[in-house]
Amino acid sequence: MYNWSEFIGKKNNCKCGHIHECDIQHIVVEENAISKIVEYINQESYKTVYIVADKNTEKASKGKVYEILEKNNIKYSKYIFSNNELVPDEIAVGKIITHLPRKCELIIGIGAGVINDLCKFISYTVKINYFIIATAPSMDGYASDGAALIVDNLKVTYEKVGRPKAIVADTNILKNAPMHLITAGIGDIFGKYICLTDWHMAHFVTGEYYCQDLVDIMNKAVIAVTNATKDGITARNEKSIGLVMEGLVLAGIDMSYSGNSRPASGSEHHMSHYWEMLFLQQGHEGVHHGTKVGVGTIIAIILYKKLAQKLKETTDLILNHFDKTAWIKNIKLVYGKAAPGVIRLEEKVGKNNDEDVAARLVMIAKHKQNIIDLAEKLPEVNSLIELMKKINAPYHPAQIGVTEEMVKNAIIYAKELRNRYGILQLLFDCGWQEEFAAEVVEELGKIKY
């Protein structure tokens with residue numbers, strides 16, 4: 001159990017030179033936590049409450065939210081999505097706003113990733129506070145200030161759009177969440193091994209801001225969830241499930257401190273987002289986000305281990321000319337409808353241009369041993385796979401419908417989704433993408449699933 005007052009509602013002057021702040025007013029992760037919402041509502045004298053959920057998250061909450069509001073004479077209206085697979089796109093945003101009651105003072109979302117992102121974005125857009133009633137420990141965005149939406153067929157993360165005023169996580173509800181959602185949350189946390197390594201490496205290569213205190217907080221979340229994974233998850237032990245939820249909330253607070261998703265999202269997330277866009281273009285979302293992140297983490301660890309060995313064997317790093325015409329042609333092939341947004345990003349930031357790559361190659365050579373050390377500190381692939389097997393979580397791309405071609409394309413092209421330095425961009429800089437992609441596919445072929 002965390003003392004959440006240590007993390008929220010105050011400004012922390014960090015030795016990194018930044019002020020870290022998270023303006024969430026209430027976090028509660030415990031049995032019967034839903035009973036707290038009346039207290040939180042009354043503290044701010046909210047009069048008009050608007051509930052947003054989908055048919056699955058409404059069912060998961062077992063009517064407890066409605067029951068406690070009605071018992072305390074708190075009036076509410078609601079909008080419940082009927083979708084089997086709710087997508088956080090422009091249509092979903094429009095539906096919530098269309099049904100938003102006049103003079104609404106508080107939005108209460110009942111759900112997990114998609115509902116939280118939608119409510120967060122709308123809360124920011126219409127300037128109305130929101131609470132989130134968590135129905136699954138499935139992702140780390142509850143406490144972050146970013147909202148991931150699908151806009152014009154492209155996965156877009158809107159940063160600095162605020163946070164919920166209250167996170168209410170009732171372990172009675174969480175422990176009964178579908179197991180694939182619980183393991184998705186664990187996969188999301190395992191991804192921190194990669195994003196923290198990416199971040200530290202970016203600090204060496206590009207001089208990007210880096211805060212060890214934020215890394216330490218995120219590592220607390222990783223350790224807590226890893227320990228919970230070792231015992232009690234498959235038995236739906238309430239304490240173990242609560243530990244997972246606390247780790248996910250702590251990860252979100254860390255993102256709030258940073259002001260972006262850097263401490264929680266790296267190359268493993270880029271691969272996940274790339275696969276998700278492909279699945280959506282095929283008419284379905286595929287497996288849950290955190291599940292894809294878990295698989296992306298396995299691939300990224302393989303990449304990092306190979307990188308350490310490659311750097312040990314390499315004396316000279318050679319600049320390869322960026323053929324933008326050929327690149328655009330390939331982007332159109334591998335991104336389909338989402339290609340225009342990817343091309344616009346490159347035109348805006350020029351992360352692949354020869355001059356910037358040449359400068360980074362100098363820093364890669366200078367910090368070669370630092371990068372090797374970072375890669376070698378990562379857990380071994382087999383040890384992480386064993387943990388994932390223990391909770392019946394997918395760890396191989398084939399288990400989630402990701403083909404060999406999708407793996408190769410993710411290693412080569414998923415980096416184009418964000419202007420964020422990590423191992424995928426480093427492989428581009430060094431001209432090793434094709435080589436590493438082929439070797440990873442070969443190695444994955446040896447892993448039984």
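Quote the charge dipole size of segment 192-444 about the Cα centre in Debye, to the nearest 20; the model charges only the Cβ of Lys and Arg (+1) and of Asp and Glu (-1).
Values: 28 positive and 32 negative charges, 83 e Å.
Charge dipole of segment 192-444: 400 debye, to the nearest 20.
Considering only the other residues whose Cβ falls under 9 Å of the Cβ of ILE182, what net charge follows from Lys and Arg at +1 and Asp and Glu at -1?
On the way: positive: LYS175, ARG236; negative: none.
Around ILE182, the surrounding residues sum to +2.
What is the local net charge at ILE74, summed over the other residues whose Cβ is closer than 14 Å to its Cβ (Lys, Arg +1; Asp, Glu -1)?
Result for the local shell: +1.
Is there a quick way to get the dipole size of segment 4-177? I mean about its Cα centre, with the Cβ of Lys and Arg at +1 and of Asp and Glu at -1; what is the value in debye to the nearest 20? Walk me through the numbers on the way to the answer.
On the way: 22 positive and 21 negative charges, 87 e Å.
Its charge dipole is roughly 420 debye.
Report the full-extension gain for the segment ASN330 to LYS62: residue separation times 0.36 nm, less the Cα-Cα distance, to one decimal in nm.
Extending this stretch completely gives an extra 91.7 nm.
So, R0 is 30 Å and r is the distance between the beta-carbons of ILE91 and GLU159; what FRET efficiency does that work out to, to 0.05?
Working: r = 22 Å, r/R0 = 0.75.
Efficiency for this residue pair is about 0.85.
If a/c stays under 1.5 just call it rounded; otherwise compare a/b with b/c (prolate if a/b is bigger, oblate if not). Do that for segment 103-251, with a ≥ b ≥ c from the square roots of the Cα gyration tensor eigenvalues. Could the numbers behind the result be given before it?
Values: a/c = 1.90, a/b = 1.04, b/c = 1.83.
In terms of gyration-tensor shape, oblate.
Residue by residue, what Karplus-based ³J(HN,Hα) values in Hz, rounded to whole numbers, does segment 143-154 have, using 6.51, -1.76 and 1.60 with θ = phi - 60° and x for Gly and Pro?
Values, residue by residue: 9, 7, 10, x, 10, 9, 10, 9, 10, 6, 6, 10 Hz.
Dipole magnitude of the chain about its Cα centre, charges +1 at Lys/Arg Cβ and -1 at Asp/Glu Cβ only, in debye to the nearest 20?
On the way: 52 positive and 54 negative charges, 186 e Å.
It comes to approximately 900 debye.
Please give the FRET efficiency for LYS377 paired with ASN73, using the beta carbon to beta carbon distance and R0 = 41 Å, rounded to the nearest 0.05.
Details: r = 56 Å, r/R0 = 1.37.
Between LYS377 and ASN73 the formula returns 0.15.
Which shape class applies to the chain: rounded if a/c is under 1.5, otherwise prolate when a/b exceeds b/c and oblate if not, where a ≥ b ≥ c are the square roots of the Cα gyration tensor eigenvalues? Before the final figure, lay out each step's value.
Working: a/c = 1.74, a/b = 1.64, b/c = 1.06.
Cα axes put the chain in the prolate bin.
Taking a threshold of 22 Å on the Cα-Cα distance, which of the pairs LYS160/LYS332; LYS64/LYS103; LYS95/LYS337; LYS62/LYS175 fall above it?
On the way: LYS160/LYS332 30 Å; LYS64/LYS103 25 Å; LYS95/LYS337 24 Å; LYS62/LYS175 13 Å.
Too far apart for the 22 Å limit: LYS160/LYS332; LYS64/LYS103; LYS95/LYS337.
If Lys and Arg each add +1 and Asp and Glu each add -1, what is the summed charge of the other residues whose beta carbon sits under 11 Å from the beta carbon of LYS390?
Working: positive: LYS230, LYS389; negative: ASP231, GLU386.
Once all neighbours under 11 Å are counted, the net charge is 0.
Using alpha carbon centroids, what distance separates segment 326-364 and segment 149-191, in Å?
Between the Cα centre of segment 326-364 and that of segment 149-191, the gap is 29 Å.
For a label point 7 Å from the Cα of ILE318 along Cα→C-beta, name the residues of segment 409-434 whose backbone N is under 13 Å from it.
From segment 409-434, the list is 430-432.
Counting other beta carbons within 10 Å of each residue's own, what order do LEU426, LEU378, LEU307 fall into, fewest first? Before the final figure, lay out the partial values.
Details: LEU426 25, LEU378 18, LEU307 21.
If I rank by nearby Cβ atoms, fewest first, I get LEU378, LEU307, LEU426.
Can you tell me how much longer the chain between ASN176 and ASN260 gets when fully stretched, taken as 0.36 nm per residue apart minus their C-alpha distance, in nm with one decimal?
Here the segment from ASN176 to ASN260 would lengthen by 27.1 nm.
If you keep only loop residues by DSSP, which trypsin sites (Lys or Arg not before Pro) in segment 409-449 have at most 15 other Cβ atoms within 10 Å of their Cβ?
Details: sites: LYS415, ARG418, ARG420, LYS446, LYS448; in loops: ARG418, ARG420, LYS446, LYS448.
In loop regions of segment 409-449 (DSSP not H, G, I, E or B), the sparsely surrounded trypsin sites (Lys or Arg not before Pro) are LYS446, LYS448.
In straight Cα distance, which aspartates and glutamates are under 12 Å from LYS239, not counting same-chain residues fewer than 8 positions off?
LYS239 reaches GLU30, GLU31, ASP170, ASP231.
If the cut-off is a Cα-Cα distance under 12 Å, which aspartates and glutamates reach LYS127, setting aside same-chain residues fewer than 8 apart in sequence?
LYS127 reaches GLU105.
Cα gyration tensor of segment 4-177, axes a ≥ b ≥ c as square roots of the eigenvalues: rounded (a/c below 1.5), prolate (a/b > b/c) or oblate?
Numbers: a/c = 1.42, a/b = 1.10, b/c = 1.29.
Verdict is rounded for segment 4-177.
Which trypsin sites (Lys or Arg not before Pro) in segment 1-100 pass both tests, a DSSP loop state and at most 12 other beta-carbon atoms within 10 Å?
Working: sites: LYS10, LYS11, LYS15, LYS36, LYS47, LYS55, LYS59, LYS62, LYS64, LYS71, LYS75, LYS78, LYS95; in loops: LYS10, LYS15, LYS47, LYS62, LYS75.
Those that pass, being in a loop and sparsely packed, are LYS10, LYS15, LYS47, LYS75.
FYI, it's all coordinate maths here, none of it is from the lab. All values reported here derive from a predicted model rather than from experimental measurement. Please note: Cβ atoms are built from the backbone with ideal geometry, for glycine as well, and neighbour counts cover all protein chains shown.
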